[in-house]
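See below for the structure under consideration.
The values are calculated or read from the model by the stated rules, or taken from the named source; none is laboratory data. From a predicted model like this one, the values you see are computed outputs, not experimental measurements. No Cβ is skipped: glycine too gets one built from the backbone with ideal geometry, and neighbour counts run over all protein chains shown. In case anyone asks, the SASA skips ligands and DNA or RNA and just uses the protein heavy atoms, side chains included. Shrake-Rupley method; radii C 1.70, N 1.55, O 1.52, S 1.80 Å.
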Amino acid sequence: MKSFIKMRITKHRKKFTLILSLVSFFFLIGCSEVEKKLNDTQSLNTVCPIIESKSNYLLENPRNISEAQKLISAKSNSSQYRNQILNFSLAQLYLSPHSTNLNSHTLFFAKINGKEIFINSIPDETYEFSFIAALNELAQQLKKPISLKSRLNLVEKNISEYVYASRSLEEFIKNNQAQLFKSKPLKKMYFRGAQGIRENELFRRLDYLKDYNLLKRKASPTKNKTNLTSAHLFTRDNYSCSFDSKVFNADIMILKKPEKAYHNIFSHYKDKNNYIIGVTSSVPKVDNSINEFLFQKSNNDSYTAACMTKDQRNHSIFLFMNGITYNAQVLNRLINSHSQVTNAKDFMDTKRSLMLTNPKRKVSEIYGINRVKNDKEAQYYIPSLGRLTILEQGEFLSTFNDPRNKQLKCN
């Protein structure tokens, strides 16, 4: 009887330790992104149900697909399609103004008639238009350069005056409510009375043409600076990535101050030889806004990390990691655990990890399958590390959104 009672006490003590550790995590996550140590036997080594969505379009809010369809015709020939994907990309300024702004960090993956294109554009100064620089580079490679003003005019003629807000936009408004409310132009755009715009509600889109000359003048002091735009992907084994994996394989810890960034992943997929994938990342600063237009601070290190590979069926797979300060390190450790690529779901099911110093320890997710055996580092567990989005190209574009969240339950 005594042994039975002792066993019950031990069982409840372990459960209490798990709960206490997780409560401590929620208080500390804002400062350090790591938390209390748990034993391996206490981690919940389970996977979340993964939902696959198939469509030719990917937008922050799928309700805006009808707007995108006004810019891309299913029956377009190759020459028309080149113009259409440029306009579709430019339209993100209107659909996701907090995460795609004129100086967002921008990645483009494109393929036209089998020709692959990659562009990485990083702002060097606040009013250096890195998103526009990436779009101009894409236009040059597609041999479809048209003046920015002409394209803005075309997009604004086609897109409705009111578009649907995303969950990310709702989150941005909540996180910056006090500052947004002080600015008359931003308050008018993002609030109805005292209530911020919510997901799936309509909000009035921006009008870039109206302030085109003002925005152009603001950018002019930086126009002679060298834009940090690159077409280089780092290749290792079966992967091509936007970051150098050698840095992270050498166990170099890059310590960064946590910043809240907002991300937009958008795509149109015509077929395996014709598509556009865009990724923008922004840390919008209300103090840098011009009228209704948000700009991010130039030194944003929280941009999305990206890798591409092929599975056993020769389908292209794109992996995008964001939502944490250490996006590249987390994604690098994830691909290191998959030397042989099987399918997109295997990536999503894998337990992600992160190495930190002072003291040196490994932070791992509670959810997921551990693909790395015999780890000797001190183990810490948290509900989730970053947000993973996977695109798989087959007959259609398949999208796998991260089912984890920051609580002990699947989405």
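With respect to Ser53, determine if the residue is loosely packed, with under 15 Cβ neighbours inside 10 Å and within 28 Å of Lys149 (Cβ to Cβ). So Ser53 fails the test. Those strands (runs of 3 or more DSSP E) of the stretch 138-250 in which at least 1 residues are within 22 Å of the chain's Cα centre (by Cα), surrounded by fewer than 19 Cβ atoms within 10 Å (Cβ to Cβ) and free of Cβ contacts under 8 Å to residues at least 12 places away in the same chain, considering only elements entirely within it, cover 234-236. Checked against (1) without any contact (Cβ under 8 Å) to a residue 12 or more places away in the chain; (2) open to solvent by less than 20 Å² (accessible area, probe 1.4 Å), Tyr275 passes all but a single condition, namely (1). Close Cβ contacts (under 6 Å, 6 or more residues apart or on different chains) running from residues in the stretch 370-395 that are closer than 13 Å to Thr350 by Cα and among the charged types (D, E, K, R) to residues that are assigned to a strand (DSSP E or B) and modelled with pLDDT under 75 are absent. Scanning the stretch 275-298 for residues being in a strand (DSSP E or B) and touching a strand residue (DSSP E or B) at 6+ places or on another chain (Cβ under 6 Å) gives a total of 13. For the stretch 155-192, the tally of residues that are out of contact with any Lys or Arg (no Cβ under 7 Å at 6 or more places or on another chain) and of a type in the set (Phe, Trp, Tyr) stands at 3. If you check Ile85, Ile122 for being open to solvent by less than 10 Å² (accessible area, probe 1.4 Å) and touching a His at 6+ places or on another chain (Cβ under 8 Å), only one passes: Ile85. Restricting the first member to the stretch 306-335 and to residues that are closer than 21 Å to Ile276 by Cβ, and the second to residues that are part of a helix (DSSP H, G or I) and open to solvent by 10 Å² or more (accessible area, probe 1.4 Å), the beta-carbon pairs closer than 8 Å and six or more apart or on different chains are Met321/Ala328.
Does Gln296 satisfy the condition of being more than 26 Å from Lys115 (Cα to Cα) and not aromatic (Phe, Trp, Tyr)? It is true that Gln296 is more than 26 Å from Lys115 (Cα to Cα) and not aromatic (Phe, Trp, Tyr). Asp301 passes every criterion in (1) of a type outside the set (Val, Ile, Thr); (2) under 22 Å from His263 (Cα atoms); (3) assigned to a strand (DSSP E or B); (4) at pLDDT below 90 apart from (3).
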